[in-house]
Amino acid sequence: MSDTTADPATRRVFIDKQSPKAYHALVETAEAVRAVAAEAALDRSLVELINLRVSQINGCAYCLNVHTRAALRAGETAQRLGVLAAWRDTELFTEREQAALALAEATTEPANAVAQERAYECARQLLDDDEISAVIWVAIAINAFNRVSILSKHRVTASPDSRSSRG
């Protein structure tokens, strides 16, 4: 299925719909990653913070929309979500959360070897092997979904609750 409202020369293919077997394999991978995160005892809120931070870096509006709602359901606060992009400049995140966020960022931008080494060293002090593995897998999975949504140009539309809050 493709976006039929756009000019045919610029319309995007919704690759999740065009290649459903590949997309379902990605969904199965995400389900396995969710299980790994749960087995490592990563809090659902932390998983959603990772999903959001990676989606911020990648500029994926669709995933930001989905995972903001999921983070709120997981108990995240509007304040922490509002400053997540600048998490290093706040005192709102625990050292464990900071280590996980830095590792997720390093996973998202692997060419930055210095940041990667720094993030891994910090994670080593605060997270066990299962948690480190889970954080990296969560970041890998959301990076993949970001690319699906960005390249397909999945749309974000206003939800009924967002319309009433505009003022």
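The values are calculated or read from the model by the stated rules, or taken from the named source; none is laboratory data. Values in this document were obtained by computation on a predicted structure and should not be read as measured data. In this analysis, Cβ positions are derived from the backbone assuming ideal geometry, glycine residues included, and neighbour counts consider all displayed protein chains. These accessible areas exclude ligands, DNA and RNA; they are computed on the full protein's heavy atoms, side chains included. Shrake-Rupley method; radii C 1.70, N 1.55, O 1.52, S 1.80 Å.
What whole-number value in Å² describes the accessible area per residue of the chain for a 1.4 Å probe?
On the way: 9880 Å² over 167 residues.
Per-residue value: 59 Å².
Using Stokes-Einstein with the Kirkwood hydrodynamic radius over Cα pairs, what translational diffusion coefficient do you get for the range 42-167 at 20 °C and a viscosity of 1.002 mPa s, in µm²/s rounded to a whole number?
In µm²/s, the coefficient is 143.
Could you work out how far helix 20-39 tilts from the main Cα principal axis of the chain, as a 0 to 90 degree angle to the nearest 10?
With rounding to tens, the tilt is 20 degrees.
Mean separation of Cα pairs under 8 Å and 6+ residues apart, divided by the residue count of the range 59-167: what relative contact order is that in percent?
Answer for the range 59-167 is 36 percent.
Round to the nearest 0.05 the FRET efficiency obtained for R155 and E117 when R0 = 35 Å and r is the Cβ-Cβ distance.
0.35
So which cysteines of the chain have no other cysteine's Cβ under 4.7 Å from theirs?
For the chain, the answer is C122, because their Cβ atoms have no other cysteine Cβ under 4.7 Å.
Can you tell me the FRET efficiency between V83 and D130 if r is taken as the Cβ-Cβ distance and R0 is 30 Å, rounded to the nearest 0.05?
Numbers: r = 28 Å, r/R0 = 0.94.
Using R0 = 30 Å, I get an efficiency of 0.60.
Considering only protein heavy atoms and a 1.4 Å probe, what is the carbon-and-sulfur percentage of the accessible area of the range 91-157? List each step's numbers first, then the result.
Values: 1930 of 3650 Å².
Its accessible area is 53 percent carbon and sulfur atoms.
Counting Lys +1, Arg +1, Asp -1, Glu -1, what net charge surrounds C63 among other residues with beta carbon under 12 Å of its beta carbon?
Result for the neighbourhood of C63: +2.
How many angstrom lie between the Cα centre of the range 58-86 and the Cα centre of the range 20-52?
16 Å
Using a 1.4 angstrom probe on the protein heavy atoms only, line up H24, H67 by accessible area, largest first.
Putting H24, H67 in descending order of accessible area: H24, H67.
Quick check for you: which residues of the range 69-110 have the amide N under 19 Å from the point 7 Å beyond the Cα of R147 toward its beta carbon?
Residues passing the 19 Å test: 104-110.
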